[in-house]
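The values are calculated or read from the model by the stated rules, or taken from the named source; none is laboratory data. What you are looking at is a predicted structure, and each value in this text was computed from that prediction instead of being measured. For neighbour counting, all protein chains shown are included, and Cβ atoms are generated from backbone atoms with ideal geometry for every residue, glycine included.
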């Protein structure tokens, strides 16, 4: 089914929002954002992971595609963004006979012909709650978006954030989103940044996505520089390692990173205890730093025209 903005049924979404327990927030101020990127602490990131764990606990232990656990996860993120002043849309698709949802959040302002998009997959596997894979990436993207709102950032580029559904079944949600972009909308995305497993324990090095073919080198280098300046080792990984793949296939410049594969990958033990709060905060601040850097139109991240026609 083609992806399109929809609303969940009033009853289902209302119940999910009621259960989500998101604290009320305030709308973003209309003032210019700071020159330097803000940073967050565990107090601003870990509550999102705690909420996702509670959602899984009351829904059979998982947040997988087509389940109430996933629906409530989407509702939790959406409510936080709505209260912060984002324009949000649910894009519905169908896979394996079940409805799935991508959540897209746009921050008002910025040049719509030059879009910076950051995203992460929100679904888990049926075997477990998926708190590191990929509640951690989802929480980092959400915390970054909320920092944009808190700062009242007025970027040159238009800022968009996304949470993908059914990615554990083969990058279904992100592929559906890219497939249904018009040629103009696809060309407008200057850069896609992805986070997958952002809170792994015993991190040896951060795995940074390298995309020289489509013009993502500047973003790759920005992550390398951010980690290097703080004494963290990095290792470059190919474009098709995660949810970046559909974007790269469409010629959209891409980067992002992972903190590494957990021993509890795709298992019931991928719960809140499987996340290192210090790693989670480092990953979130890395994303915030690079989003702030690329919110302006320099350094350029646009691919050659031949790659994006």
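Structural remarks
- Condition met for residue 40 (modelled with pLDDT of 50 or more, assigned to a loop (DSSP other than H, G, I, E, B) and surrounded by 12 or more Cβ atoms within 10 Å (Cβ to Cβ)): yes
- Candidates 233, 273, 268, filtered to the one that is surrounded by fewer than 16 Cβ atoms within 10 Å (Cβ to Cβ), more than 16 Å from the chain's Cα centre (by Cα), closer than 24 Å to residue 126 by Cβ and without any contact (Cβ under 8 Å) to a residue 40 or more places away in the chain: 273
- Taking segment 240-253 as the range and being part of a loop (DSSP other than H, G, I, E, B) and crowded, with 24+ Cβ neighbours inside 10 Å as the test, the residues that pass are 242, 243, 244, 252, 253.
- Test for residue 225: is it over 16 Å from the mean Cα position of the chain (by Cα) and part of a helix (DSSP H, G or I): yes
- Only one of the listed residues (260, 256) is in contact (Cβ under 8 Å) with a residue 40 or more places away in the chain, part of a strand (DSSP E or B), in contact with a strand residue (DSSP E or B) (Cβ under 8 Å, 6 or more places away or on another chain) and under 27 Å from residue 177 (Cβ atoms). That residue is 256.
- The strands (runs of 3 or more DSSP E) found entirely in segment 80-189 that carry 2 or more residues being more than 27 Å from residue 40 (Cβ to Cβ) are 87-95, 98-106, 111-121.
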